[in-house]
Amino acid sequence: MANPPVCRIMDYGKFRYEEAQKAKEARKKSSNVTVKEVKFRPKIGKGDFDTKVRHLIEFIEDGHKVKVTLQFRGREMAHPELGSRILDGVISAVGPAAKVENEARLEGRNMSMVLAPDKKAQEAIKKAAEEAAAEAAAGTATEPTEPDAGVADTATAATETEPDTEPENEPDTQKDTQPTAPTEMATVAVPAGDGDERSGASHAEDEDE
């Protein structure tokens with residue numbers, strides 16, 4: 001303490017406001033880590049196992065610790081190796097994103113272990129994923145766009161074959177456009193006797209009427 005004591009004249013309301021803002025910022029930066037629990041059974045099916053592991057990975061990515069509990073019932077207590085097999089499968093499924101904080105141990109009818117997020121491994125995984133995405137985007141952007149060879153070949157083939165095909169079609173078109181000769185009408189000479197007989201028959205019919 002200074003001698004003589006030094007004091008500062010200030011606005012007490014402003015001072016309290018600034019202190020409250022500092023405390024608020026400190027609470028934002030502090031991470032609230034909770035322990036989640038995921039329960040398994042020794043005879044769990046493949047689908048249920050995958051679903052629970054997916055939720056467990058989500059908890060780890062959010063920064064929470066996860067307590068993995070394996071529940072035994074009845075005669076399942078005689079086979080603790082089944083529980084150890086399930087827990088080993090959980091560890092292998094989670095991968096390097098989490099580390100084992102408390103090893104598996106049997107407590108009564110439950111076997112449990114605690115997994116904690118490995119921040120360094122998670123950052124390395126995210127960085128590798130971002131680099132892979134950037135490389136893929138750069139590869140697609142730098143690929144040269146070449147004209148379609150098939151279209152170019154068909155175009156050149158069409159231009160080359162046009163002069164050859166035109167002369168072949170000309171004779172056919174000339175044949176089709178030639179004027180057709182007029183058809184001769186066939187004249188049939190009718191004998192004079194027959195004509196007289198027909199006229200006589202017609203006169204006879206007129207008289208009868």
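No lab work stands behind these numbers, since they all come straight from the coordinates. The model shown is predicted, which means the values in this text are computed figures rather than measured ones. In this analysis, Cβ positions are derived from the backbone assuming ideal geometry, glycine residues included, and neighbour counts consider all displayed protein chains.
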Inset, instruction - Examine the stretch 16-34 for a residue that is of a type in the set (V, I, T) and either in contact (Cβ under 8 Å) with a residue 40 or more places away in the chain or in a helix (DSSP H, G or I) (or both), and state whether such a residue exists. - result: no
Legend entry - Failed item in (1) touching a Ser or Thr at 6+ places or on another chain (Cβ under 6 Å); (2) assigned to a helix (DSSP H, G or I), with K39 passing the rest: (2)
Legend entry - Conditions (1) without any contact (Cβ under 8 Å) to a residue 24 or more places away in the chain; (2) touching an Asp or Glu at 6+ places or on another chain (Cβ under 7 Å): number failed by K52: (2)
Legend entry - Tabulated pairs, the stretch 86-108, first assigned to a helix (DSSP H, G or I), second small (G, A, S), C-beta under 9 angstrom, 6+ apart or interchain: L87/A104; L87/S112; D88/A104; I91/A98; G95/A121; P96/A121; P96/A124; A97/A121
Legend entry - Looking only at the stretch 42-57, and only at residues there that are charged (D, E, K, R) and in a helix (DSSP H, G or I), the one that is surrounded by the fewest Cβ atoms within 10 Å (Cβ to Cβ): K46
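Go through the stretch 109-126 residue by residue and tally those that are surrounded by 13 or more Cβ atoms within 10 Å (Cβ to Cβ) and either assigned to a loop (DSSP other than H, G, I, E, B) or among the small types (G, A, S) (or both).
If we filter the stretch 109-126 for residues that are surrounded by 13 or more Cβ atoms within 10 Å (Cβ to Cβ), which is where we start, we get 110-118, 121-122, 124-125.
If we keep only those that are either assigned to a loop (DSSP other than H, G, I, E, B) or among the small types (G, A, S) (or both) too, we end up with 112, 116, 118, 121, 124.
Going through the stretch 109-126 one residue at a time, the tally reaches 5.
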Inset, instruction - Check the stretch 95-110 and report whether any residue there is of a type in the set (G, A, S) and within 27 Å of the chain's Cα centre (by Cα). - result: yes
